[in-house]
Amino acid sequence: MHLIIAEKHDAAKRIAQILAGTKPRSHRIGGVETFQFDDKVVLGLSGHIVGMDYSPGYNNWQKVDCRELIRAEIVARPINEKIVNALRSLGKEADRITVATDFDREGELIGVEALKIAKEANPRLKEDRVRYSAIVKDEILKAFKNAGKVDYDLAASGEARQIIDLVWGAA
């Protein structure tokens, strides 16, 4: 099965319609709507599905010296359990995963967050990345025809910005 991950529900629905050439089947997995056709499943996230927070003992900022927050451990926590569980379930069944999130730093990070979750369930997943500027037929078809690699460096820059925002805001 080929799992395709879009950044939002509406984007997933439109991408599935374009790729299927017809109306795809709607199927719920753990309360999350997916769009299916042929051997493909398109899942829309809801933006970030993982958030950054301090480890226990540091996450009540008013009770911790702000200087300690600068070096305190930061952990990633699921924000949307239903989507995380759907990703795990679909990841187990998939043999290929395509990141089709927005073509920017945040989109790359959101895609990598989803990839990590799916690959925890199935480390053998083959991955690729499609890039498009608009969710219109020509752009989507061209993007899927010319799939490339995930840009882990770009995703890391997005993650660094999230960590800096957390530390700066807390301290």
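The values are calculated or read from the model by the stated rules, or taken from the named source; none is laboratory data. Only a predicted model underlies this, so the values are computations on that prediction, with no experimental measurement involved. Glycine gets a Cβ as well: all are built from the backbone with ideal geometry, and neighbour counts include every protein chain shown.
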**OP:** Might you check whether a residue that is touching a His at 6+ places or on another chain (Cβ under 8 Å) and either under 28 Å from K40 (Cα atoms) or surrounded by fewer than 14 Cβ atoms within 10 Å (Cβ to Cβ) (or both) occurs anywhere in region 74-86?
**Re:** yes
Subject >> The one condition in (1) in a helix (DSSP H, G or I); (2) surrounded by 14 or more Cβ atoms within 10 Å (Cβ to Cβ) that K142 fails to fulfil >> reply: (2)
Original post:
Of all residues in region 75-124 being in contact (Cβ under 8 Å) with a residue 60 or more places away in the chain, part of a loop (DSSP other than H, G, I, E, B) and not β-branched (V, I, T), which is farthest from Y58 (Cα to Cα)?
Top reply: D95
**OP:** Please tell me if E81 is modelled with pLDDT of 95 or more and either over 24 Å from Q17 (Cβ atoms) or of a type in the set (S, T, Y) (or both).
**Re:** no
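Can you name the residue in region 130-159 that is within 11 Å of R105 (Cα to Cα) and hydrophobic (A, V, I, L, M, F, W, C) and, of all such residues, is nearest to the chain's Cα centre (by Cα)?
Here is the first cut: in region 130-159, the residues within 11 Å of R105 (Cα to Cα) are 151-159.
Checking the rest, the ones that are also hydrophobic (A, V, I, L, M, F, W, C) come to 154-156.
Working: L154: 14, A155: 11, A156: 14 Å.
Here the answer is A155.
In this structure, is I135 assigned to a loop (DSSP other than H, G, I, E, B), more than 19 Å from L115 (Cα to Cα) and not polar (S, T, N, Q)? Talk me through it step by step, then tell me what you get.
Details: assigned to a loop (DSSP other than H, G, I, E, B): yes; more than 19 Å from L115 (Cα to Cα): yes; not polar (S, T, N, Q): yes.
So I135 fits the description; yes.
Yes or no: L69 surrounded by fewer than 20 Cβ atoms within 10 Å (Cβ to Cβ) and outside any strand (DSSP E or B)? Walk me through it before giving the result.
Numbers: surrounded by fewer than 20 Cβ atoms within 10 Å (Cβ to Cβ): yes; outside any strand (DSSP E or B): yes.
For L69, the condition - surrounded by fewer than 20 Cβ atoms within 10 Å (Cβ to Cβ) and outside any strand (DSSP E or B) - is met.
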Subject >> Matching residues in region 48-66 - criterion: being over 19 Å from W168 (Cβ atoms) and surrounded by 14 or more Cβ atoms within 10 Å (Cβ to Cβ) >> reply: I49, V50
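Would you tally the residues in region 118-133 being over 13 Å from V99 (Cα atoms) and either at pLDDT 95 or above or of a type in the set (F, W, Y) (or both)?
Just the residues of region 118-133 that are over 13 Å from V99 (Cα atoms), to begin with: 120-124, 133.
Okay, now just the ones that are also either at pLDDT 95 or above or of a type in the set (F, W, Y) (or both), so 120-124.
The number of residues fulfilling the criteria is 5.
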